[in-house]
């Protein structure tokens, strides 16, 4: 029984095989780029969807500030001195900007990776103990190297000098 065809023959990559490989890698790269682009678009749409919620919160803050300024004695200096400056000052700061602008700022802040002091918390909770433990380990290694008794090992012998013939 004989076998026909190129079974068992050694295949040498040709120019066409390399071109097919490059095409496959290009297709994989394009697919990954499309996936990343779609994920980024979804992230942006999800974050922009929070704008109405931020706007509603800022409008409620504005109504509270107007109520504080009207109801309390913020306009009368004597009553303002009695109740304190802080509530009146905070209410005036809220009314200084439009709720649409503040909602836009809140929405854009939600894109930031370090929002709500996330990065500071990561540094404090993760990086500081890591740096302390690495520092303690380095000190222990240095102390171990300094106090470890070294064996008196003679240096390796120098190679024999060869004579060079003068011409």
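What follows draws every value from the coordinates through simple rules; no lab data is involved. On a predicted model such as this, the values are computed, not experimentally measured, just so you know. Cβ sites come from the backbone with ideal geometry, for glycine too, and all protein chains shown count toward neighbours.
Here each label is just a point 7 Å from Cα along the line to Cβ, and for residue 127 and residue 108 those points are 2.5 nm apart. Rounded to a whole number of µm²/s, how large is the Stokes-Einstein D of the range 21-111 at 25 °C and 0.890 mPa s, given Rh as the Kirkwood radius over C-alpha pairs? Value of D from the Cα-based Kirkwood radius: 148 µm²/s. For the peptides 77-85, 60-68, the ranking by packing is 60-68, 77-85, with the highest mean count of neighbouring Cβ atoms within 10 Å listed first.
Simple spin-label estimate for residue 137 and residue 95 gives 5.9 nm between the two label positions (7 Å along the Cα-to-Cβ direction from each Cα).
Would you please give the FRET efficiency between residue 25 and residue 59, computed as 1/(1 + (r/R0)^6) with r the Cβ-Cβ distance and R0 = 45 Å, to the nearest 0.05?
Efficiency computed from Cβ-Cβ geometry: 0.30.
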